[in-house]
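Coordinate-derived values only; no laboratory data. The structure displayed is predicted, hence computed values, not measured ones. Please note: Cβ atoms are built from the backbone with ideal geometry, for glycine as well, and neighbour counts cover all protein chains shown.
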Amino acid sequence: MITQIAPISHDYVVLISVTCIFTSFSTICVVLRYYSRRLSDGFGSDDWAAIGALIFAFGFLIANVLAATIGMAGYQQHEIDMAHFQAYLRCLLANNIVYNTSITLSKLSVVLMYRRLFAVRSFRIWLWPVYFLLAAYWLCCFFAELFAYTPVQAQWNPLMPSTHIDLFKFGLAMAGYNIAMDVLILTMPQFRVWRLCITKQKKVLLSVVFLLGGFTVRLIYLVRIDYANPTYTLSVAGIWTAVEVNMAIVCACLPTLPHLFRHWYDAKQPSQSMRSTGSLVGRKMVAWMKTSKSDSSAAFSELERGWASESSTSGLRPESGKDDSSPMRRFDRYQLSDLQSVRVHEDAGVDGSTKARS
């Protein structure tokens, strides 16, 4: 029997590693969501719900680390002394509470995003029953897990006489309820998406983005848990639970990210176009300088025609009445004016030499 802190079991090394990777991934998605929303219309209630889900996802990670260290999770139950087993049961209770809170906030973030995107009164009315179902799910999980044992202290003190609910049936019921809520939430926007005045390809892409939230795999592993030996048999289910918690956050953030990527793409396009236009002007200037002075007028006319054709295709040349104060436009205007002045001086010099000879 283990009576002191032992090395973390292999199963929980895998569990903590997977949890860290997916928690980092969900954190990146929430940060990108923050920047995307700053570029649009600012933060909303759906964004705060996503941040709350991420905070409880970190709580889930901390609970797993504590269960693996002070609770000796991953070892057979008969190998652990009572002090470590009681610490494990406390961590397990905290783990379940933060899991259900994070999952509920992720679903709430998606529903609140629907409310922001689809400003249709009839659609928003149908969201109120979903709010009620989400609140009922969280309250049921919270109080059922907190008061599963009578007295409550027996939940982390198995030697105390007590009564308790059937945890296996309760887990199956809540997992089924969770899946039903996923199906309801994911199918709600499909009717609105397919009525939008956009191409069929965009409708399919939007539908896929909304359907990506259906990541519920925990039910498969609940049937493999032996509640007589939870320290050993909960490790595999814990891995998939960690994946589910963080993927729910990722999927709640996905619909907000295309705006950010489109902004980055649009920000790069003008600079590329300006560089290509500037290089074209430079090449034509070199060609013009290499021509003889007697052909300068024709070369300059050719330069003007080339700039006009290039600016009409790139869209960089300002329209009449619009601002042309960008650095590239000022550069092109000054360069052309300088070339015009050079051409005038050259023409004057040619006329003077002709008169002198005559």
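Quick check: residue separation of residue 267 and residue 159 times 0.36 nm, minus the Cα distance between them. What number comes out in nm?
Full extension from residue 267 to residue 159 adds 32.4 nm.
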### Query
In nm, to one decimal, how far is the modelled label at residue 17 from the one at residue 119, with both set 7 Å along Cα→Cβ?
5.0
### Message
Can you compute the charge dipole magnitude of region 68-203 about its Cα centre, using +1 on each Lys and Arg Cβ and -1 on each Asp and Glu Cβ, nothing else charged? Give it in debye, rounded to the nearest 20.
### Response
1400
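Using the 10 angstrom Cβ neighbour count as an exposure proxy, how do 9, 235 rank, fewest first?
In order of increasing Cβ crowding within 10 Å: 9, 235.
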### Query
Most exposed first by the Cβ proxy, i.e. fewest other Cβ within 10 Å, how do 192, 124 rank?
124, 192
### Message
Taking the Cα centre as origin and putting +1 on Lys and Arg beta-carbons and -1 on Asp and Glu beta-carbons, what dipole magnitude results for region 10-261, to the nearest 20 debye?
### Response
1440
### Query
Okay, which of region 117-148 sit inside 18 Å, backbone N to the point 7 Å along the Cα-Cβ direction of residue 41?
117-125, 127
### Query
Fewest first, what order do 107, 169 take by the number of other Cβ atoms within 10 Å?
169, 107
